[in-house]
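**Student:** Attaching a single structure in structure tokens format; questions to follow.
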Amino acid sequence: MRRRPGRVGRGGPGRVPRLGLMGQLTTSNERAPASERVSGTAYTNLVVATLGFALTFWAWNLIAPLAGEFDKTLHMSSFAQSFLVAVPVIVGSLGRVPVGALTDRYGARLMFPLISALTIVPVLLIIPARESYGALLAVGFFLGLGGTTFAIGVPLVNSWFPAHKRGLGLGVFGMGMGGVALSGYFTPRLWKHGHNLPFWVMAVALAGYTVIAVLLLRDRPDRAVPTASLATRLGRAGRLRVTWELSALYAIGFGGIVAFGVYLPTYLKTWYQLSATDAGTKAAGFALVTVVFRPLGGWLSDRIHPAVVTGWALALTAVFAVVQAFDPDLSPVGTIAFLLMAAGLGTTSGSVFALVAQVTPVAQVGSVTGIVGAMGGLGGFVPPLVMGAIYSAKGSYSIGFMLLSDLALAGCVYAVGRMRNIRPTSTA
């Protein structure tokens, strides 16, 4: 009996991906062939990269938790304090573009330990710089280096994991963004035991990680090395339509996480009159939920089309942003709304990068990741300014939450309506 074209028999050698019910990614046989199974080296790279991502993101966020302490000496205005906190965020976000392209060229084995080692310098320079606002701004600029490692880890994980495991691998790597929450929790507590202690602890941790990365990280032997110049590669990535589509979706998902991480403590203190400690604890809980749900977004994207996962996650975010716009009591409705928004945004962050891995040419993953990651970081810079301006003008945050709902709903419609039609590319 003749088989239909494109079908593989039950013991056949290939795996032909196709879209099933609700965008599920199915294959013609259940077990991956040996060539697509995940090696021990891949898992080692994933663990080391995730550790490095967490540590460098902790360093990236060293100034924000201590801004109030620095203010006791520097007597900053509200805008000056916000700008001080924002400088590393802006530099780290924009820096992902060239760092991602450099990773395409030189590999993560060089770039991860290099960026980790270089980040030690601004970390230690905070010690003498904290007595001067201008000096802190300059140090904060170079501290932005720590925020660029995201664009190193994604192409590394992408190269080592086959298509049916990439979503989960990238989601696990994305848990490294929990370094921001770790910094928010531990940095002020280390400060209480010695004003230099947070920076020395971070410097030693980064130095130790640099050694570990040199010893354990490996680039894939058959990694495609681009020969074009940095500007040419960035130009090619920028001309891909999917680069900007993915950037928009990631700016909503990850940008929302960054925005809440920066502004949620202020919102809780202003609107619900919480103490700084209580507001910080609840903000850390929000961040923890996003960290947990990011790998879930990747895992689901290995089983359901990542555009569908993104759509449902953004729909969840939109619904509960509307709920919060009506200013419910914090307990229980407000707390539930924030936790479910965190779940939606975390899932979106994981599923969007699973989509990056599917629709981006392998040799351009680093460049595209850099641009998408930069837009995500910048997406988190604007909302706090908007929320602050709205509150100053209207005395309410409701309009801000409705804007979040509108953006999330637009992203939901676009993800399901447009991105679902993009079929997975072949793996490298």
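The values are calculated or read from the model by the stated rules, or taken from the named source; none is laboratory data. Keep in mind it's a predicted model, so treat the numbers as computed, not measured. Positions of Cβ are backbone-derived with ideal geometry, glycine not excepted, and every protein chain shown enters the neighbour counts.
**Student:** Just one of the numbered conditions (1) of a type outside the set (Lys, Arg); (2) more than 23 Å from residue 371 (Cβ to Cβ); (3) surrounded by fewer than 19 Cβ atoms within 10 Å (Cβ to Cβ) is not true of residue 141; which one?
**Tutor:** Of (1) of a type outside the set (Lys, Arg); (2) more than 23 Å from residue 371 (Cβ to Cβ); (3) surrounded by fewer than 19 Cβ atoms within 10 Å (Cβ to Cβ), only one is false for residue 141: (2).
**Student:** Filter the stretch 408-428 down to the residues that are buried (at least 21 other Cβ atoms within 10 Å of the Cβ) and among the aliphatic types (A, V, I, L, M), then identify the one that is modelled with the lowest pLDDT. Quick ask: steps written out before the conclusion?
**Tutor:** Let us first name the residues in the stretch 408-428 that are buried (at least 21 other Cβ atoms within 10 Å of the Cβ), namely 408, 411-412, 415, 419.
With the extra rule that they be among the aliphatic types (A, V, I, L, M), the set shrinks to 408, 415, 419.
Details: 408: 95, 415: 91, 419: 82.
Filtering first and then ranking leaves 419.
**Student:** Then there's this: Would you call residue 113 farther than 19 Å from residue 377 by Cβ and either within 16 Å of the chain's Cα centre (by Cα) or part of a helix (DSSP H, G or I) (or both)?
**Tutor:** Details: farther than 19 Å from residue 377 by Cβ: yes; either within 16 Å of the chain's Cα centre (by Cα) or part of a helix (DSSP H, G or I) (or both): yes.
Yes, satisfied.
**Student:** Starting from residues that are under 15 Å from residue 70 (Cβ atoms) and under 27 Å from the mean Cα position of the chain (by Cα), keep the ones in the stretch 191-200 and report whichever is modelled with the lowest pLDDT.
**Tutor:** Here the residue is 191.
**Student:** For residue 145, work out the one condition from (1) part of a helix (DSSP H, G or I); (2) farther than 13 Å from residue 57 by Cβ; (3) of a type outside the set (Ser, Thr, Tyr) it doesn't fulfil.
**Tutor:** Residue 145 satisfies all of (1) part of a helix (DSSP H, G or I); (2) farther than 13 Å from residue 57 by Cβ; (3) of a type outside the set (Ser, Thr, Tyr) except (2).
**Student:** Okay, moving on. Taking the criterion of being modelled with pLDDT of 90 or more and of a type in the set (Ser, Thr, Tyr), would at least one residue in the stretch 202-218 satisfy it? Don't jump to the end; show me each part of the working.
**Tutor:** Within the stretch 202-218, the subset modelled with pLDDT of 90 or more is 202-218.
From what is left, the residues that are of a type in the set (Ser, Thr, Tyr) are 209-210.
The answer is yes; a qualifying residue exists.
**Student:** If I filter the stretch 315-333 down to residues being touching a residue at least 40 places away in the same chain (Cβ under 8 Å) and in contact with a Phe, Trp or Tyr (Cβ under 9 Å, 6 or more places away or on another chain), which single residue comes out as nearest to residue 163 (Cα to Cα)?
**Tutor:** The residue in question is 321.
**Student:** Another question, then. Can you tell which of 15, 7 is part of a loop (DSSP other than H, G, I, E, B), surrounded by fewer than 17 Cβ atoms within 10 Å (Cβ to Cβ) and at pLDDT below 85?
**Tutor:** On the way: 15 fails: surrounded by fewer than 17 Cβ atoms within 10 Å (Cβ to Cβ).
One residue alone meets the criteria, 7.
**Student:** Shifting gears a bit: Return the only residue of 88, 65 being surrounded by fewer than 23 Cβ atoms within 10 Å (Cβ to Cβ) and either under 23 Å from residue 379 (Cβ atoms) or free of Cβ contacts under 8 Å to residues at least 40 places away in the same chain (or both). Reasoning before the result, please.
**Tutor:** On the way: 88 fails: surrounded by fewer than 23 Cβ atoms within 10 Å (Cβ to Cβ).
So the residue among 88, 65 that is surrounded by fewer than 23 Cβ atoms within 10 Å (Cβ to Cβ) and either under 23 Å from residue 379 (Cβ atoms) or free of Cβ contacts under 8 Å to residues at least 40 places away in the same chain (or both) is 65.
**Student:** If you take the residues in the stretch 242-259 that are aromatic (Phe, Trp, Tyr) and either under 13 Å from the mean Cα position of the chain (by Cα) or not in a helix (DSSP H, G or I) (or both), which one is surrounded by the fewest Cβ atoms within 10 Å (Cβ to Cβ)?
**Tutor:** Taking the stretch 242-259 and keeping what is aromatic (Phe, Trp, Tyr), we get 244, 250, 254.
Add one more test, that the residue is either under 13 Å from the mean Cα position of the chain (by Cα) or not in a helix (DSSP H, G or I) (or both), and what stays is 250, 254.
Values: 250: 27, 254: 30.
The extreme case among them is 250.
**Student:** Continuing with this model, one more query. Among the residues of the stretch 275-292, which ones are in contact with a Leu (Cβ under 7 Å, 6 or more places away or on another chain) and either among the β-branched types (Val, Ile, Thr) or under 19 Å from residue 255 (Cβ atoms) (or both)? Let's see the steps before the verdict.
**Tutor:** Filtering the stretch 275-292 down to residues in contact with a Leu (Cβ under 7 Å, 6 or more places away or on another chain) leaves 279, 282-283, 286, 289-290.
If the condition is that a residue be in contact with a Leu (Cβ under 7 Å, 6 or more places away or on another chain) and either among the β-branched types (Val, Ile, Thr) or under 19 Å from residue 255 (Cβ atoms) (or both), then 283, 286, 289, 290 are the ones that fit.
**Student:** Quick check on residue 298: is it modelled with pLDDT under 90 and either of a type in the set (D, E, K, R) or in a helix (DSSP H, G or I) (or both)?
**Tutor:** Spelling it out, residue 298 is indeed modelled with pLDDT under 90 and either of a type in the set (D, E, K, R) or in a helix (DSSP H, G or I) (or both).
**Student:** Do we find a residue being outside any helix (DSSP H, G or I) and modelled with pLDDT under 90 anywhere in the stretch 160-172?
**Tutor:** So far as the stretch 160-172 goes, yes, one or more of its residues are outside any helix (DSSP H, G or I) and modelled with pLDDT under 90.
**Student:** Of the residues that sit in the stretch 293-332 and are out of contact with any helix residue (DSSP H, G or I) (no Cβ under 7 Å at 6 or more places or on another chain) and of a type outside the set (Phe, Trp, Tyr), which one is nearest to residue 253 (Cα to Cα)?
**Tutor:** The qualifying residue nearest to residue 253 (Cα to Cα) is 319.
**Student:** For residues in the stretch 218-239 being among the aliphatic types (A, V, I, L, M) and under 21 Å from the mean Cα position of the chain (by Cα), which is surrounded by the most Cβ atoms within 10 Å (Cβ to Cβ)?
**Tutor:** 237
**Student:** Between 203, 207, 151, which is within 26 Å of residue 293 (Cβ to Cβ), touching a helix residue (DSSP H, G or I) at 6+ places or on another chain (Cβ under 9 Å) and in a helix (DSSP H, G or I)?
**Tutor:** Working: 203 fails: within 26 Å of residue 293 (Cβ to Cβ); 207 fails: within 26 Å of residue 293 (Cβ to Cβ).
Residue meeting the stated conditions: 151.
**Student:** From 264, 274, which residue is more than 21 Å from the chain's Cα centre (by Cα), at pLDDT below 85 and either not assigned by TED's automatic domain parsing to the domain that holds residue 188 or not in a loop (DSSP other than H, G, I, E, B) (or both)? Even if it seems obvious, please write down each step before you answer.
**Tutor:** Numbers: 264 fails: more than 21 Å from the chain's Cα centre (by Cα).
After applying the criteria, what remains is 274.
**Student:** Sticking with this structure for a sec: From the list 363, 337, 342, 321, pick out the single residue that is in contact with an Asp or Glu (Cβ under 8 Å, 6 or more places away or on another chain), more than 15 Å from residue 270 (Cα to Cα) and assigned by TED's automatic domain parsing to the domain that holds residue 273.
**Tutor:** Details: 337 fails: in contact with an Asp or Glu (Cβ under 8 Å, 6 or more places away or on another chain); 342 fails: in contact with an Asp or Glu (Cβ under 8 Å, 6 or more places away or on another chain); 321 fails: in contact with an Asp or Glu (Cβ under 8 Å, 6 or more places away or on another chain).
The conditions single out 363.
**Student:** While we're on this one: Would you check if there is a residue in the stretch 67-86 being assigned to a helix (DSSP H, G or I) and under 26 Å from residue 213 (Cβ atoms)?
**Tutor:** So in the stretch 67-86, the residues assigned to a helix (DSSP H, G or I) come out as 67-74, 78-86.
Adding the requirement that they be under 26 Å from residue 213 (Cβ atoms) leaves none.
Among the residues of the stretch 67-86, not one is assigned to a helix (DSSP H, G or I) and under 26 Å from residue 213 (Cβ atoms), which makes the answer no.
**Student:** Then there is this: Select from the stretch 161-194 the residues that are of a type outside the set (S, T, N, Q), within 15 Å of residue 124 (Cα to Cα) and in contact (Cβ under 8 Å) with a residue 12 or more places away in the chain and list them in ascending order.
**Tutor:** 191
**Student:** Where the second residue is assigned to a loop (DSSP other than H, G, I, E, B) and of a type in the set (D, E, K, R) and the first is farther than 23 Å from residue 87 by Cβ and lies in the stretch 385-402, which pairs have Cβ atoms under 8 Å and are six or more apart or on separate chains?
**Tutor:** Sorted first by the residue in the stretch 385-402, then by its partner, the pairs are 396/327; 397/327; 398/327.
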